[in-house]
Amino acid sequence: MSKVQVIEICKTLDQLYTLDNISLTLNPQECVVILGPSGCGKSTLFNIISGLIKPDKGKIIIDGQDYTGKTGRVGYMQQKDLLLPFRTVLDNIALPLVVKGESLKQARNKAKSYLSEFGLVGFENYYPRQLSGGMRQRAALLRTYLFASDIMLLDEPFAALDAITRHKMQLWLINLRSQYNPSILFITHDIEEALLLGDRIYVFSPLPARIIGEFNVKGLSEPEKNKYKKKIIELL
Amino acid sequence: MKKSANIAHNAAPAIALLFLLFLWEFGVRFYEIKPWILPGPVKVLSSLIKEHNLLLMHTGITLFEALTGFLLAVILAFITAFLLTHVEWLNRAFYPLLIISQTVPLIVLAVLFTLWFGWGLTPKIIIVVLVCFFPVTINFIEGINSVDPDQVHLFRSMGANKWTIFRLVKLPSALPAFFSGLRIAATYSIMAAVIGEWLGAQKGLGYFMTLKQKSFAIDEVLAAVFIICLMSFLLVKAVDFLEYIMLPWNRINENGKY
Ligand SMILES: Nc1ncnc2c1ncn2[C@@H]1O[C@H](COP(=O)(O)OP(=O)(O)O)[C@@H](O)[C@H]1O
Ligand SMILES: [Mg+2]
């Protein structure tokens, strides 16, 4: 059974027809990339999947249950790290568990056990301002993972980083996937990133967003990926 | 070299103050100004020491009024800010009134309060509350409203309710603005209590000053003024200290170091 099913979602924002009949699926342990031009409605789709806003039409099914307009099920990481500047790194990571009802002490202990995997050992008592951009994104990613380890929505998580750091983070995410096997929906407007990280790629059109292509790129070799790259460029 | 420059930098206001006091003392002596017109700082200081028992008693009363009013105002401001930022129709109904309320001349209200509540402590405390309430409330509301909406969305996406979001996100984000309001309130709280006393009281520094003014004991009036300045200054410093303790993350400077 698929983890997430997005079924015929339509959405108009402020009289702007944004999402036009979007349907897609995310299978267990898969990394599905949503690729599309800026402003086409990708983040809006994530807001709908996470339950923050309701679609005008369509359904969100998670693990076979209707989650349309319901929050608190998936881990959602936005483009900004959104770490609270007044909390230490450790507390920032632990807070989602507190929201879920765990005690702060319990939550901190759980968070601590992941610090080394996420390259944050020794920085747990720093404030976010004291960390580099890459570290902040890793902290935000850990926070997302701890909240919902099975389904993560990542909205252009590395877009704000410099090229070198971004590439390091991409490799690190691949490594992380092989270790924890989460199901990931990943938004990007970067074709290279989509081909590097994705098992499957959905290509979105400019506003109103429609799915104009779906590519299965899992385990392909470099030359094959290059062929897909040309196809996608032609589409966009 | 750098250290001595730093000391000079910090000592500058104290040196300026000493210079002005010296000028004052010198002027009073040089022009032989009568002490019931303007006494020099030395005379004021000696009155301060001579009358310290009486002054201390009145100071206690004024401080009590100011602190009680200040605390009540903070509690009221907290509740008001929470309600106005969470209930849209309350905000629409009361926020404009809150702003307009500042155009009412306080001194007239103070006279009325004395009429209604007598010469006890109550009218003074109410005046302090009115003076302190506004800056704290407005700053707090601004602080809460300036929270990054995406930050709120993140916690909403986790399924957090309004109260949890207020407690974990909005309240701590608004604390620096809250403290700005608190600092303004601290500056005016003592003065508000004194104004209340001035218009009719049996105790307190304001009462003491009206009494001494009538008998032309200007040195003692100025001694009371000195105490008022000192208390206001210390209260502001206390707020600064509280902020320093409560907002450790704010101490980190641009370079990301303490
Ligand atoms: N809350 C909103 N109200 C109205 N329009 C919005 C809102 N949020 C985004 N938009 C608009 O909807 C379109 C899609 O936005 P978004 O989903 O953020 O695009 P993307 O993430 O693909 O860059 C954009 O044109 C944007 O300006
Ligand atoms: Mg976006």
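Just so it is clear, none of the values below were taken in a lab; they were calculated from the coordinates. Bear in mind the structure is a predicted one, so any value in this text is a computation, not a measurement. Here Cβ is always computed from backbone atoms with ideal geometry, including for glycine, and neighbour counts include all displayed protein chains.
Quick look at the numbers
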| read-out | value |
| --- | --- |
| Packing rank of B:37-50, B:17-30, where each peptide gets the mean count of other beta carbons within 10 Å, highest leading | B:37-50, B:17-30 |
| Kirkwood hydrodynamic radius (C-alpha pairs) into Stokes-Einstein, the stretch A:8-93, 25 °C and 0.890 mPa s, D in µm²/s | 168 |
| Fully extended contour minus Cα-Cα distance, from B:Val104 to B:Ile37, at 0.36 nm per residue | 20.7 nm |
| Highest average packing first - B:58-67, A:214-223, B:124-133, Cβ atoms within 10 Å | B:124-133, B:58-67, A:214-223 |
| Peptide B:241-250 - average C-beta neighbours from other chains (10 Å radius) | 2 |
| Evaluated over the protein assembly as shown, the Cα radius of gyration and Dmax, each in Å | 31.7, 101 |
| Within 10 Å of each Cβ in A:116-128, the average number of Cβ atoms from other chains | 1 |
| Nearest-ten-degree value, helix B:218-246 long axis tilted from longest Cα axis of chain B | 20 |
| Descending principal axes extents, the stretch B:102-258, alpha-carbon based, whole Å | 68, 39, 23 |
| Inter-chain shielding of A:80-88 (mean C-beta neighbours from other protein chains, 10 Å cut-off) | 5 |
| Inter-site label distance for A:Ser149 and B:Val87 at 7 Å from Cα along Cβ, in nm | 4.3 |
| Crossing angle, helix B:88-100 versus chain B [Cα axis fit, 0-90 degrees, rounded to tens] | 20 |
| Among B:230-241, A:16-27, the order from most to least packed when residues are scored by Cβ within 10 Å on average | A:16-27, B:230-241 |
| Degrees, to the nearest 10: B:106-117 long Cα axis against longest axis of chain B | 90 |
| Integer Hz, Karplus 6.51/-1.76/1.60 couplings in order for the stretch B:49-62, x for Gly and Pro | 6, 5, 9, 4, 5, 4, 4, 4, 4, 5, 4, x, 4, 4 |
| Mean-position separation - Cα centroids, the stretch B:22-98 and the stretch A:88-121, in angstrom | 46 |
